[in-house]
Every structure is written in structure tokens, then in C-alpha cells.
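Single-structure report; data block below.
The values are calculated or read from the model by the stated rules, or taken from the named source; none is laboratory data. Given the structure is predicted, the values throughout are model-derived calculations rather than measurements. Note that we place each Cβ from the backbone using ideal geometry, even for glycine, and neighbour counts take in every protein chain shown. Heavy atoms of the whole protein, side chains included, go into the accessibility calculation; ligands, DNA and RNA do not. Shrake-Rupley method; radii C 1.70, N 1.55, O 1.52, S 1.80 Å.
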Amino acid sequence: MNLSEHHYLVRVVWTGNQGDGTSSYRSYTRDHEVASAGVPVIFGSADPTFHGNPDRWNPEQLLLAALSQCHMLSYLHMAVKSGIIVTAYEDAAEGTMRLNADGSGEFTGVTLKPRVTITDSTVKHTAQSIHADAAAACFIGRSVNFPVLHEPVVVVGGKANPLAEPPREKATA
């Protein structure tokens, strides 16, 4: 097996200097930009609890989003490998962060709550069980030091492409 490394480059630029830099705790904003070649800039800040801008993404939200995205992408791959047709996928992920007396903090857990729609009721059990395979394969989930739990729901319904319309017959006069 050929193992390889993948490298990523992200540039974070603080944009919150209001003229006096960090001369005091309230003299600056926590606003910043996250950039990488070829993709739109993410406008970030701290969580509003920590004097951040509520109109911008914060690191805690981005971590939660990364875990949810990674699980979804791993799950979709496992579905293809298992012959399961997924027509919809959404997640309402929740994370808990604990603040410590010394001002530090850490996530203590995340729960992903994916709702997956499939087309075939005969594979519903498999569709449910491959969430464990997706969790084992998720790069981000494997990299964190807190539990990432999964509470998936699988429902049956929908066409393979809900946006596609059936062909219409030509009207004859």
C-alpha cells in the first residue's frame, strides 16, 4: 500500500487593529480572514462570548463544521461502496466546549445528527450501520481528542435526482 502525505496551506490575517493594536483587552476586535488559494475568503472572529463579531464564523463553529462535513463525505463514499443510493443528507451537529478556571478551554464532545434519505427500504439497516464505517474513516474525527458521537436517522423516500423532471410528451394538435 502506498501511503502519502497531503499538505494544506491556509493563511489567517488579523484585521481587528483599530489603531492602538492590543494596548488593552477591548482596544481591538477579534476579526480576521481565513484564506487559501482558489476559494473564497472566510470572515472569522471570536465567539460573541469572547468579544467576537456574531456576523462572522468563529473557530468553534468551523471545527464543528469540519467534523460534520468530513463525516458526510466519508458516509457518501461508504454508501457508494455499499450500493446505497442517498438522495439527501443533512446534519444538525452540536458541540460542547468547557472553559477552565485558568481561562483555557477545550471541546468535551460533539454529537453529529445526520438525517439521510435513501431510495431502497431493503438496505435501510446497512445505511444505518455504515455510519460507523464513515466515523472510522473520517480524517477530522480521527484527529480530535474528544468523543464524536453519532445519532443518525435513515429515512426512505425520494428519487435519485429530485430536481430532474420526467420527460414530457409533445403535445399534438
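Which residue out of Leu112, Leu99 is open to solvent by 50 Å² or more (accessible area, probe 1.4 Å) and out of contact with any Cys (no Cβ under 6 Å at 6 or more places or on another chain)?
On the way: Leu112 fails: open to solvent by 50 Å² or more (accessible area, probe 1.4 Å).
Answer to the selection: Leu99.
Consider only pairs whose beta carbons are under 9 Å apart and that are at least six residues apart or on different chains; among these, list those whose first residue lies in the range 31-47 and is in contact (Cβ under 8 Å) with a residue 12 or more places away in the chain and whose second residue is aromatic (Phe, Trp, Tyr) and loosely packed, with under 12 Cβ neighbours inside 10 Å.
Pairs found: Ser36/Tyr8.
In the range 124-145, what count of residues is obtained for those that are crowded, with 19+ Cβ neighbours inside 10 Å and either over 14 Å from the mean Cα position of the chain (by Cα) or within 18 Å of Ser82 (Cβ to Cβ) (or both)?
Qualifying residue count for the region: 6.
Answer yes or no as to whether Ala66 is more than 24 Å from Phe146 (Cα to Cα), touching a residue at least 40 places away in the same chain (Cβ under 8 Å), in a helix (DSSP H, G or I) and not polar (S, T, N, Q).
No, not satisfied.
Could you pull out every one of the strands (runs of 3 or more DSSP E) wholly within the range 83-164 that has 1 or more residues that are closer than 22 Å to Glu60 by Cα and at pLDDT 95 or above?
The strands (runs of 3 or more DSSP E) meeting that bar are 86-91, 94-99, 105-112, 114-118, 148-150.
Run down His77, His71 and say which single residue is in a helix (DSSP H, G or I), closer than 30 Å to Ser121 by Cβ and touching a strand residue (DSSP E or B) at 6+ places or on another chain (Cβ under 9 Å).
It is His71.
Of the numbered conditions (1) surrounded by fewer than 16 Cβ atoms within 10 Å (Cβ to Cβ); (2) over 21 Å from Val144 (Cα atoms), Ile84 satisfies every one except a single condition; which is it?
All conditions pass for Ile84, except number (1).
Over 12 Å from the mean Cα position of the chain (by Cα) and either modelled with pLDDT of 95 or more or open to solvent by 50 Å² or more (accessible area, probe 1.4 Å) (or both) - does that describe any residue in the range 60-74? Break it down into steps so the answer makes sense when it comes.
First, the residues of the range 60-74 that are over 12 Å from the mean Cα position of the chain (by Cα): none.
Within the range 60-74, none of the residues are over 12 Å from the mean Cα position of the chain (by Cα) and either modelled with pLDDT of 95 or more or open to solvent by 50 Å² or more (accessible area, probe 1.4 Å) (or both).
State which residue pairs qualify: first residue free of Cβ contacts under 8 Å to residues at least 60 places away in the same chain and inside the range 125-151, second residue of a type in the set (Lys, Arg) in any location, beta carbons under 8 Å apart, and separation of 6 or more residues or different chains.
The qualifying pairs are Ala136/Arg142; Glu151/Lys113.
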